[in-house]
1. Per 0.36 nm of contour for each residue apart, how much would the distance between Glu54 and Ala16 grow if the chain were fully extended, relative to their Cα-Cα spacing?
2. Compute the Rg/Rh shape ratio of the stretch 22-63: radius of gyration over Kirkwood radius, all on alpha-carbon atoms.
3. According to a simple spin-label model (label point 7 Å from Cα along Cα-to-Cβ), what is the distance in nm between Ala91 and Ala68?
4. Counting only protein chains, not ligands or nucleic acids, how are Glu78, Glu66 ordered by accessible area (probe 1.4 Å), most first?
5. Between the stretch 62-99 and the stretch 23-38, how many Å separate their Cα centres?
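The values are calculated or read from the model by the stated rules, or taken from the named source; none is laboratory data. Everything numeric in this text was worked out from a predicted model, so none of it was measured. All Cβ positions, glycine included, derive from the backbone under ideal geometry; neighbour counts span all protein chains shown. The accessibility values were calculated without ligands, DNA or RNA, using every heavy atom of the protein model including side chains. Shrake-Rupley method; radii C 1.70, N 1.55, O 1.52, S 1.80 Å.
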Amino acid sequence: MAEELLGFAPVTGGAAALVGIIVLLVLRGQLVPRRQLEDLRADKDQQIDDLRAERDTWREAHTVSEEARRESQDQAGELLELSRTSAYFFAALPRAAREVSTSAEVDQAPAPPT
């Protein structure tokens, strides 16, 4: 790895070459202190927790929305059935009125006193 970075073997340079490689890795950002790495991990963990909380919020909102949609659909079905019943009732009113008027014409006898 060091040969790829510098183009020569660091063993030939000794301790100075080793220190130079470490400094070079730090400057290039390939070698970071543990504290900085832990801070980055904590930030990423916080981002992941935030995204999970947001996901859970959206999931809960979807569940509530689906329950409301189902309830609305059920109510619409009930209203449709009630409107059909009302339509049959109002369609039958003229026929019932004719039956009442013809039965009243046929039965003209007064009711006996009780």
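1. My answer for the length gained is 8.6 nm.
2. 1.36
3. Inter-label distance under the simple model: 3.6 nm.
4. Output order, biggest surface exposure first: Glu78, Glu66.
5. 71
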